[in-house]
Amino acid sequence: MKEVISFLRIIRIKNLILIAVSQYLFRYYILETPNYIYEYNLGFSLIMIITLLIAASGYIINDVIDIDSDNINKKGDIIINKYISSQAAMIWYFILNAIAVICILYFFYLFKNYLLTIIFILSILLLFYYSKKYQYNFITGNLIVASLTSLSFINIFLFDTQINMSTQHI
């Protein structure tokens with residue numbers, strides 16, 4: 001049970017729930033997308049799953065790469081190498097990213113949306129490079145995080161625009 005709780009802490013389950021709820025509210029209350037369009041429901045679900053998988057893997061890689069500074073700054077709140085080994089965390093990082101890539105490819109197969117496919121793949125790479133290189137660069141690091149955060153909503157808007165254009169041509 002301790003391993004499950006540690007895993008939920010390392011992927012920041014509270015943040016993931018907040019992302020999911022925010023995306024849902026954005027879809028229904030800002031974009032006011034009708035619920036009866038099946039393609040949209042499927043596409044929106046895939047976007048949400050992909051976003052959550054990428055965010056969870058980003059939290060993991062950040063914790064793995066940050067082990068040394070977390071040992072200094074978060075003495076009592078460390079998960080890596082205390083409850084979950086860094087090797088196990090890296091395995092979870094690759095598993096979550098592999099599932100995300102499979103979902104991205106399925107999304108592309110269904111909707112042929114090159115832009116969102118590229119955005120998702122670049123988000124995975126950007127989170128890795130952010131954790132490895134840019135998180136301590138104040139301006140660049142904050143710009144990357146802000147961009148990725150805004151993309152969780154921009155992606156829904158881009159997909160909504162695609163679906164609205166395709167349903168108008170029917």
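The values are calculated or read from the model by the stated rules, or taken from the named source; none is laboratory data. No experiment lies behind these values; they were computed from the predicted model shown. Note that we place each Cβ from the backbone using ideal geometry, even for glycine, and neighbour counts take in every protein chain shown.
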### Query
Given the structure, is residue 53 under 30 Å from residue 165 (Cβ atoms) and at pLDDT 95 or above?
yes
### Message
Which pairs turn up if I take residues in segment 5-18 that are under 20 Å from residue 83 (Cα atoms) and look for partners that are of a type in the set (Asp, Glu) and assigned to a helix (DSSP H, G or I) with beta carbon separation below 8 Å, at least 6 apart in sequence or on another chain?
### Response
10/63
### Query
Within segment 118-130, can one find any residue that is among the hydrophobic types (A, V, I, L, M, F, W, C), surrounded by fewer than 12 Cβ atoms within 10 Å (Cβ to Cβ), assigned to a helix (DSSP H, G or I) and within 13 Å of the chain's Cα centre (by Cα)?
yes
### Query
Among (1) in contact with a strand residue (DSSP E or B) (Cβ under 8 Å, 6 or more places away or on another chain); (2) farther than 26 Å from residue 10 by Cβ; (3) of a type outside the set (D, E, K, R), which single condition is residue 86 missing?
(2)
## Note on the structure
Taking segment 11-28 and keeping only residues that are surrounded by 13 or more Cβ atoms within 10 Å (Cβ to Cβ), at pLDDT 95 or above, of a type in the set (A, V, I, L, M, F, W, C) and part of a helix (DSSP H, G or I), one is left with 13, 16, 19, 20
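Table: residues versus (1) closer than 24 Å to residue 24 by Cβ; (2) part of a helix (DSSP H, G or I); (3) of a type in the set (D, E, K, R); (4) at pLDDT 95 or above.
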site	(1), (2), (3), (4)
94	no, yes, no, yes
110	yes, yes, no, no
136	no, no, no, no
145	yes, yes, no, no
